[in-house]
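The values are calculated or read from the model by the stated rules, or taken from the named source; none is laboratory data. It should be emphasised that the depicted structure is a prediction, and the values quoted were computed from it without experimental measurement. Here the Cβ positions follow ideal geometry from the backbone for every residue, glycine too, while neighbour counts run over all protein chains shown. Please note that ligands, DNA and RNA were not included when accessible areas were found on the heavy atoms of the full protein model with its side chains. Shrake-Rupley method; radii C 1.70, N 1.55, O 1.52, S 1.80 Å.
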Amino acid sequence: MSTVLPSPSPSAATPAPASAAGPARRRITAGRAPARPTTAAAFHSISAVTAVLLGLVGIGALLHEPVLIPPLAASAALVHSAPTLPLAQPRGVVVGHLLGTAVGYGALAAAGSSAWAAAVAAGVTLALLMAARTPHSPACATSVVIVLQSPAPARFVPLLFGATVLLVLTGYAASRIRRKAPRYPAYWW
């Protein structure tokens, strides 16, 4: 069985006029990796991520409770290295992790701690994130962490909520420190 691909439109093969160079350039480069950040931008993002994650470790040490979990490190990376993406916006970061938390505890209560339940929890979390228009892929990992590690909800949920708010606030502050940095957030809600 063969597949017939549609022929390209005539406008796709002809170069864009000079006045439309911006959109034409985007079409040409759309399949390429993003440009490498400047040294200053990379240093700024890496420093901000490291500082906020060290802050979470410090808070955890004071409380004798782990606050830094892998999904939060992924969230910090999104907020500080891709601040304009929908995945990095406060709504997705905070609400996304809370939805992942709810699904994780629900799956844990319904099916116990197993890799099977964790996989289902991640899928259900993704479905809810999409339905709620709160894209944030690290939230799927939060539901997996909950199912596999069974943390006490009375301690875990407030710490997770506080950590997500801290990530958002540091993203906001860091985007205002460096003059050329994209402003974070692109939208709050």
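Here are the numbers for the structure shown:
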quantity: Every residue from the stretch 132-145 that is under 15 Å from the mean Cα position of the chain (by Cα) and either in contact (Cβ under 8 Å) with a residue 60 or more places away in the chain or crowded, with 18+ Cβ neighbours inside 10 Å (or both); calculated: 134, 136, 137, 138, 139, 140, 141, 142, 143
quantity: Selection status of residue 72, modelled with pLDDT of 95 or more and open to solvent by less than 30 Å² (accessible area, probe 1.4 Å); calculated: yes
quantity: Test result for residue 156, out of contact with any Asp or Glu (no Cβ under 6 Å at 6 or more places or on another chain), over 30 Å from residue 39 (Cβ atoms), aromatic (Phe, Trp, Tyr) and without any contact (Cβ under 8 Å) to a residue 60 or more places away in the chain; calculated: yes
quantity: Hits in the stretch 96-119 (condition: of a type in the set (Ser, Thr, Tyr) and in a helix (DSSP H, G or I)); calculated: 101, 105
quantity: Residue list for the stretch 146-167, restricted to those being surrounded by fewer than 24 Cβ atoms within 10 Å (Cβ to Cβ) and of a type in the set (Val, Ile, Thr); calculated: 157, 165
quantity: Total residues in the stretch 163-182, condition more than 13 Å from residue 80 (Cβ to Cβ), in contact (Cβ under 8 Å) with a residue 24 or more places away in the chain and over 15 Å from the mean Cα position of the chain (by Cα); calculated: 1
quantity: Residue in the stretch 170-180 that is within 14 Å of residue 93 (Cα to Cα), among the β-branched types (Val, Ile, Thr) and open to solvent by less than 10 Å² (accessible area, probe 1.4 Å) present; calculated: no
quantity: Hits in the stretch 123-173 - residues which are among the polar types (S, T, N, Q) and in a helix (DSSP H, G or I); calculated: 125, 142, 143, 149, 164, 170
quantity: Residue tally, condition open to solvent by 10 Å² or more (accessible area, probe 1.4 Å) and either closer than 23 Å to residue 34 by Cβ or at pLDDT below 95 (or both), over the stretch 92-114; calculated: 0
quantity: Residues that are in a loop (DSSP other than H, G, I, E, B) and either closer than 11 Å to residue 45 by Cβ or among the hydroxyl-bearing types (Ser, Thr, Tyr) (or both), drawn from the stretch 73-95; calculated: 82, 83, 84
